[in-house]
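Read through the structure below, which is laid out as structure tokens, and then see the notes.
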Amino acid sequence: MGYNNILIPICLFLSILLSFIKKITSKKVSSSPKLPPGSMGWPFLGETLQLYSQDPNLFFSTRQSRYGEIFKTHILGCPCVMLASPEAARFVLVANAHLFKPTYPKSKERLIGGSALFFHQGDYHFHLRKLVQSSLLPDSIKEYIPHIESIAISSLYSWSHDDDGHVINTFHEIKKISFQVGILSIFGLLDSNYIEKLNENYHIVEKGYNSFPTNIPGTAYHKALLARRRLRQILSEIICERKEKRLVEKDVLSRFLNYRDQNGNILKEDQIADNIIGVLFAAQDTTASVLTWILKFLHDDQNLLESVKAEQMAIYEANKAEKKSLSWGQTRNMPLTYRVILESLRMASIISFAFREAIIDVEYKGFLIPKGWKVMPLFRNIHHNPNIFSDPHIFDPSRFEVAPKPNTFIPFGNGVHACPGNELAKLEILIFIHHLVTKFRWKVEGPVNGIEYGPFPVPEGGLPARFWKEEST
């Protein structure tokens with residue numbers, strides 16, 4: 001009896017203790033952050049094939065509908081967390097930017113260059129970014145207006161024909177304009193022989209960049225790696241010439257060559273080459289895509305086109321009377337045209353998301369974002385959220401008569417890593433539209449509602465169209 005009297009209280013005590021421990025443990029488990037909902041897809045491949053085999057906007061929107069505004073997936077060899085709200089975009093890009101470094105999949109870094117300012121953060125890349133930004137500020141780019149005008153006018157005349165059978169791929173032709181403007185901002189006035197070589201090899205790299213990253217001889221990706229080496233050699237020749245001539249210019253290359261860190265160290269040629277190629281990538285396809293969409297939206301709404309034309313003709317007639325060219329001040333005073341650009345940026349959302357990587361474990365709204373995972377704020381999902389923009393699938397420039405709420409309109413990204421060339425892109429577009437609507441007409445041929453991705457969205461077929469000169473001008 002004595003033994004049982006001792007055993008029973010001990011058992012009861014142990015039972016209570018175990019129950020208490022289980023409660024404490026369960027509380028800890030339930031309170032610790034968990035991974036967001038979502039599917040990681042197949043081993044190694046993840047959901048990359050699903051992303052590449054369909055409209056990427058459908059890929060992201062269906063997962064947002066299924067899992068909510070934060071979800072996980074696995075694409076391009078990386079585990080990812082997707083964020084589809086303005087608050088989340090601000091959390092990653094602005095409020096906690098120091099916890100999320102800019103990054104791209106390794107396959108893409110190999111083509112642009114590992115030291116490009118788009119891929120990293122820290123003092124070194126902060127100073128490089130400042131160099132690029134200083135080259136693309138209004139005080140610098142306003143000097144490019146006559147050159148951009150010349151490029152735009154020359155291109156438009158080359159597209160226009162009296163016969164009805166000449167149809168061009170608008171996107172491909174506008175890419176040539178954006179490439180020339182990108183070259184202008186990086187090198188200033190560059191020898192045409194160099195421009196031709198850069199153009200040829202850059203487009204091979206571009207095709208590989210947008211292809212499935214398989215490094216097998218004969219594939220687009222492998223060809224791109226070889227073209228990347230040739231680009232490096234061409235840039236080395238240009239750098240060597242620039243050093244010999246000791247030119248003092250305001251372009252991007254000159255600022256790279258004149259850079260000295262706090263210890264007096266200069267940039268190596270590999271570092272300069274990586275960043276020049278990175279700037280070219282940022283300058284071309286995105287601007288060309290937006291401008292192609294603007295032509296489609298204006299073509300689809302003739303009343304809007306006539307209103308834009310009236311705004312631009314007032315400027316054109318004033319300059320014609322005084323025998324002046326387009327001025328910087330005039331490009332700053334095109335309110336309707338500017339709203340058309342903003343609405344086109346929202347509708348098309350050329351940059352659908354940003355690539356970041358968590359440098360430590362981060363908790364957001366009760367979910368864990370593990371260290372090393374890619375984090376992707378989904379700009380397009382935000383721009384097409386009906387709770388933010390009413391009737392988001394309707395093209396309506398008047399919605400920008402009032403400034404959008406913070407973090408709801410981020411076509412160029414946000415925070416310290418926002419696109420440094422956005423002012424140059426807008427200037428290029430404004431100049432092109434001015435000369436297009438005041439001197440030319442165009443008609444879209446073939447399909448008008450389809451979309452292609454490569455990877456940026458463009459109208460189907462690159463917007464096949466005919467252009468002709470207006471007789472009155």
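The values are calculated or read from the model by the stated rules, or taken from the named source; none is laboratory data. Computed from a predicted model, the values in this text were never measured in an experiment. Glycine also receives a Cβ, built like all others from the backbone with ideal geometry; neighbour counts cover every protein chain displayed. Keep in mind that these areas ignore ligands, DNA and RNA; they rest on the heavy atoms of the full protein, side chains included. Shrake-Rupley method; radii C 1.70, N 1.55, O 1.52, S 1.80 Å.
Some values worked out for this structure:
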{"quantity": "Calculated Rg and Dmax of the range 278-428 using C-alpha coordinates, Å", "calculated": "18.5, 64"}
{"quantity": "5 Å binning of all Cα-Cα separations within the range 361-443, expressed as whole percents from 0 upward", "calculated": "3, 10, 13, 15, 20, 15, 11, 7, 2, 2, 2, 0"}
{"quantity": "Zero-based 20 Å bins, Cα pair distances in the chain, whole percents", "calculated": "21, 52, 19, 5, 3, 0"}
{"quantity": "Accessible surface of the range 166-222 [probe 1.4 Å, protein heavy atoms]: carbon and sulfur percent", "calculated": "55 percent"}
{"quantity": "The chain: angle of helix 2-31 to the longest principal axis, Cα-based, in degrees nearest 10", "calculated": "0 degrees"}
{"quantity": "For the range 220-280, radius of gyration divided by Kirkwood radius, i.e. Rg to Rh on alpha-carbons", "calculated": "1.03"}
{"quantity": "C-alpha long axis of helix 285-300 to longest principal axis of the chain, angle in °", "calculated": "70 degrees"}
{"quantity": "Ranked packing of 272-283, 232-243, 254-265, 128-139, most packed first, by mean Cβ within 10 Å", "calculated": "272-283, 128-139, 232-243, 254-265"}
{"quantity": "Placed amide H near GLY46: partners under 5 Å, 5+ positions off or other chain", "calculated": "none"}
{"quantity": "For the range 325-379, the spread of Cα positions along each principal axis, largest first, Å", "calculated": "54, 21, 17"}
{"quantity": "Total formal charge among the other residues, if their Cβ is under 14 angstrom from that of LEU291, Lys/Arg +1 and Asp/Glu -1", "calculated": "0"}
{"quantity": "Partners for LYS243 among lysines (Cα-Cα distance below 18 Å; same-chain residues under 8 apart left out)", "calculated": "LYS268"}
{"quantity": "Built amide H within the under 5 Å cut-off of TYR364, gap 5+", "calculated": "ILE369"}
{"quantity": "Using alpha-carbon coordinates, inclination of helix 123-135 to the longest axis of the chain, degrees", "calculated": "20 degrees"}
{"quantity": "Low-density loop positions, trypsin sites (Lys or Arg not before Pro), the range 279-346 - DSSP coil, at most 14 other Cβ in 10 Å", "calculated": "LYS323, LYS324, ARG332"}
{"quantity": "Environment charge at ALA89 (Cβ cut-off 14 Å; Lys +1, Arg +1, Asp -1, Glu -1)", "calculated": "+3"}
{"quantity": "Percent carbon-and-sulfur accessible area, the range 317-457, ignoring ligands, DNA and RNA, probe 1.4 Å", "calculated": "54 percent"}
{"quantity": "Farthest positive-ward along the chain dipole, Cα basis, beta-carbon charges - from PRO386, ILE174, GLY46", "calculated": "GLY46"}
{"quantity": "Qualifying lysines (Cα of each under 17 Å from Cα of LYS324; at least 8 residues distant if same chain)", "calculated": "LYS142, LYS439"}
{"quantity": "The chain, dipole about Cα centre (Lys/Arg Cβ +1, Asp/Glu Cβ -1), debye to the nearest 20", "calculated": "1920 debye"}
{"quantity": "Under the Karplus curve 6.51 cos²θ - 1.76 cosθ + 1.60, θ = phi - 60°, whole-Hz ³J(HN,Hα) for the range 139-156, x wherever Gly or Pro sits", "calculated": "4, 8, 6, 4, 6, 7, 3, x, 6, 5, 4, 4, 4, 5, 5, 4, 5, 4"}
{"quantity": "Where the range 347-473 is the region considered: accessible area per residue in Å², 1.4 Å probe", "calculated": "41 Å²"}
{"quantity": "Distant-in-sequence amide H partners of GLU452 (H built 1.01 Å from N, under 5 Å)", "calculated": "VAL458, GLU460"}
{"quantity": "The range 272-311 - Rg over Rh from alpha carbon coordinates, Kirkwood radius", "calculated": "1.30"}
